[in-house]
Amino acid sequence: MNIVVLIKMVPDTESRLEIIDGKVNESGFKYMVNPYDEFAVEQAVQFKEAVGGKVIIVSLFSNNASIDTDLRKMMAIGADEAIVLRQEGYRGDRPSSNAKILAQTIKELDADLVIGGVQGIDYYQGATGPMIAHMLGIPHVSGVTNLALNGDKITAKRQIEGGLQVIDSTMPVLITCQKDMNKVRFPALKDIMMSKRKSFENREVPLGEGNDIETIDCSLPPARGGGVIIEGETTEEKVDKLIEKLKTEAKVL
């Protein structure tokens, strides 16, 4: 069973967000594996352990080599190979363009299952996975919370409003994972050392062409104003003053 895991590198949550002239200043960002994609790696490795096969990581990013360590950690969990597509001028908010580049690579790998996170925590678009499935001409199930092999089929469960949806699909299929699909293991020291010997391929790729929406301007939310202390001799008096302010100033009553 050949499994391709899509990994997006996103800014570390501790990175300082700075806006300069309407643009996000990314020069000081540190990057990490998108948390939703970690569930995908764990699920892929569990399937490999159950039925055999190979797990290949595919990631699209810039020439920033600082991400290699975190990708190696995913290989220590149990992935067998990594293909990192290096793109000058890469941006994470171009799902259509990025999907085309990723789909071209996946076509070469003869995957039975393509799996990734439901969305990146940088732009929260949730669009790249479905676009890749469309370009590959394979089924797609999004926001999956439980995934099981059922012979030559995949059984996926996903939360919907008011219930649980269960979907059977033939393979090849593309799955995007919701949080808490599984518990991501901590690799042992032996596995971390072994990961350094696994295949880690860097490929230069051009900028893709796609129908992406351009971000014109970025801004931080306005700073919150200070609170108001309601003065009064008694609790009842304070409540009356609060109600009056909600009526005349906030106009919510």
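Derivation of every value follows stated rules applied to the coordinates shown; laboratory data play no part. Just so it is clear, the structure is predicted and the values come from calculations on it, not from any experiment. Note that we place each Cβ from the backbone using ideal geometry, even for glycine, and neighbour counts take in every protein chain shown.
Amide H of Lys8 versus every other amide H placed in the peptide plane: which residues, excluding those fewer than 5 positions away on the same chain, fall under 5 Å? Distant-sequence amide H within range of Lys8: Asn34. Which whole-number percent is the relative contact order of the stretch 76-203 (Cα, under 8 Å, 6+ apart)? Once normalised by length, the contact order is 35 percent. Ordering Glu81, Glu244, Glu204 by the number of other Cβ atoms within 10 Å of each residue's own Cβ, fewest first, gives Glu204, Glu244, Glu81.
For the chain, adding -39500 (n - 2.57) for each run of n ≥ 4 DSSP H residues and dividing by the number of residues yields -8500 deg cm²/dmol at 222 nm. Label separation (Lys245 vs Val184): 4.4 nm, computed from points 7 Å beyond Cα along the C-beta direction. Taking every DSSP beta bridge that has both residues in the chain, what percent is antiparallel when rounded to the nearest 5? For the chain, the DSSP antiparallel bridge percentage is about 40. Check the straight Cα-Cα distances from Lys198 and name the lysines below 28 Å, setting aside those fewer than 8 residues away within the same chain. List returned: Lys8, Lys30, Lys48, Lys54, Lys73, Lys100, Lys107, Lys179, Lys183, Lys190.
Using C-alpha pairs under 8 Å with a sequence gap of at least 6, the mean separation divided by the residue count of the chain gives a relative contact order of 24 percent.
For the chain, the percent of C-alpha pairs falling in each 10 Å distance bin, counted from 0 to the bin holding the largest distance, reads 6, 27, 29, 16, 9, 7, 5, 0. Going from the fewest other Cβ atoms within 10 Å to the most, the residues Ile19, Ile7, Ile56 appear in the order Ile19, Ile56, Ile7.
Footprinting exposure proxy ranking of Val55, Val184, Val33, fewest other C-beta atoms within 10 angstrom first, gives Val184, Val33, Val55. Measuring from centroid to centroid over Cα atoms, what is the spacing of the stretch 117-190 and the stretch 36-67 in Å? Computed from Cα coordinates, the inter-centre distance equals 13 Å.
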